[in-house]
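The values are calculated or read from the model by the stated rules, or taken from the named source; none is laboratory data. Since the structure is predicted, the reported quantities are computational estimates derived from the model, not experimental observations. Note that each Cβ is placed from the backbone with ideal geometry, even for glycine, and that neighbours are counted across all protein chains shown.
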Amino acid sequence: MMFASPWAFLVLLLIPVMLWLNRRTVRQTGTIHFSSTRNAVKAGRSLRQRLGGIPPALRIITLILLTVALARPQQGLERIRDVNKGIAIEMVVDHSSSMGAELEFNGERLNRLEVVKQVFEKFVRGDGHDLKGRPSDLIGMIVFARYPDTACPLTLAHGALPRFLENVQLVQQQSEDGTAIGDAIALASARLKTAEETLAAQLRDADKEKEYEIKSKVIILLTDGENNCGRRAPRQAAELAAKWGIKIYTIGIGGGESVASITTLFGIFRQAVASRIDEGMLTSIADITGGMYRRADTAEALHAVYKEIDELERSEIESVRYVDYREKFVFFAVAAFVLLCLEIFLRCFVFRRIP
């Protein structure tokens, strides 16, 4: 407990002065002379006489309580509010047929898309080693082949991410195959442009003391090919992202001749898959938006790229401390008023004196 006006306690110094003046006033009251007071002494003192000091004591206690109330006692409750300055990240992943080429990952042969999904999940949720996770960031995913599509909306609930990733598969129909990098960047940029509205909807029922601020917006584009379809050119889409303050990190995975496993009625066959990464285009996209381009020919290289991005784009958590004060003077003021009323009642009735 603290006092907003501690100088008010100086009033307590007046109490000894009041007691001295009171005693002096009592001594100057009128007297009646008797020839002897022996019989009066033998009679003793009545109960009312013995309790005669109660009214002055109540007056003193009342003054003390009023002084404490005047000093404004306050009880402070310290509160801590965490302000998250997170990053909104859209993962844009190529899921065209060429992503079926295989890579070695943790002793297994998996297609590029499966490797990308597993490394991305570790990037978001952490792996306990190099990747610390992104618990304070808005994360979303867009997949694209001939057409871009939202695989996972921007969300802070990262626990739902594995279920969304399960639904991300290689394209099955040839009519949907292709690589529309420009359209995918445009869709991801549009999602990030309205990220504040998405965040507000998610935090509408959250704790009012929690705040969240989007520090920056990032697109991580991953592909193993070159733009060959779509309505918007990659450079045009990159300029749109730069206009909206969105940074793009581009990753070229695989490239050259690789092997893909194809399941048929006669068993599993391995087929050579050729893809060419347009590194010039990916570098240009990154340069326009202030990002960077990296090549990842192996799963280990892809992990290293995510680690580099993880170190470059870190969220912040700022703890704001404040004290919520509650006024406590009312209790002391009410107690003083009650005691004052009690003193007046006792002086006027129980301890009333007749001059």
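Taking the conditions (1) more than 26 Å from Ile246 (Cα to Cα); (2) of a type in the set (A, V, I, L, M, F, W, C); (3) in contact with a Cys (Cβ under 9 Å, 6 or more places away or on another chain) in turn, Leu165 satisfies each one other than (1). Residues in the range 140-163 that are exposed (fewer than 15 other Cβ atoms within 10 Å of the Cβ) and in a strand (DSSP E or B): 1 in all.
The residue list Leu138, Leu131 contains one member that is more than 29 Å from Gln173 (Cα to Cα) and either among the aromatic types (Phe, Trp, Tyr) or in contact with a Lys or Arg (Cβ under 6 Å, 6 or more places away or on another chain) (or both), which is Leu131. Out of everything in the range 159-173 that is under 12 Å from Ser96 (Cβ atoms) and in contact (Cβ under 8 Å) with a residue 60 or more places away in the chain, what residue ends up being nearest to the chain's Cα centre (by Cα)? If we take residues in the range 159-173 being under 12 Å from Ser96 (Cβ atoms) and in contact (Cβ under 8 Å) with a residue 60 or more places away in the chain, then Gln169 is nearest to the chain's Cα centre (by Cα).
The rows are residues; the columns are (1) closer than 29 Å to Ile214 by Cα; (2) of a type outside the set (A, V, I, L, M); (3) touching a strand residue (DSSP E or B) at 6+ places or on another chain (Cβ under 7 Å).
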| site | (1), (2), (3) |
| --- | --- |
| Val143 | yes, no, yes |
| Tyr147 | yes, yes, no |
| Ala160 | yes, no, no |
| Phe164 | yes, yes, yes |
| Glu176 | no, yes, no |
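Being farther than 22 Å from Ile309 by Cα, small (Gly, Ala, Ser) and touching a His at 6+ places or on another chain (Cβ under 8 Å) is a condition met by no residue of the range 177-185. Within the range 302-333, restricting attention to residues that are among the hydrophobic types (A, V, I, L, M, F, W, C) and not in a helix (DSSP H, G or I), the residue that is modelled with the highest pLDDT is Val323. Might you let me know whether the range 120-139 holds any residue that is part of a strand (DSSP E or B) and closer than 20 Å to Tyr249 by Cβ? Yes - at least one qualifying residue is present in the range 120-139.
Restricting attention to the range 274-299, the residues being over 33 Å from the mean Cα position of the chain (by Cα) and surrounded by fewer than 18 Cβ atoms within 10 Å (Cβ to Cβ) number 9. Which count do you get for residues in the range 274-301 that are modelled with pLDDT under 90, aliphatic (A, V, I, L, M) and assigned to a strand (DSSP E or B)? Number of matching residues: 1.
On the given criteria, is Leu154 touching a Ser or Thr at 6+ places or on another chain (Cβ under 6 Å) and aliphatic (A, V, I, L, M)? When the stated conditions are applied, Leu154 passes them. In summary, strands (runs of 3 or more DSSP E) completely within the range 177-273 and bearing 1 or more residues that are within 15 Å of Ala88 (Cα to Cα), among the hydroxyl-bearing types (Ser, Thr, Tyr) and modelled with pLDDT of 85 or more occur at 211-223, 246-253. Can you find even one residue in the range 87-96 that is over 38 Å from the mean Cα position of the chain (by Cα) and not small (Gly, Ala, Ser)? No, every residue in the range 87-96 fails to be over 38 Å from the mean Cα position of the chain (by Cα) and not small (Gly, Ala, Ser). Is the range 112-122 home to any residue that is surrounded by fewer than 21 Cβ atoms within 10 Å (Cβ to Cβ), under 17 Å from Lys307 (Cα atoms), out of contact with any strand residue (DSSP E or B) (no Cβ under 6 Å at 6 or more places or on another chain) and of a type in the set (D, E, K, R)? Yes: one or more hits.
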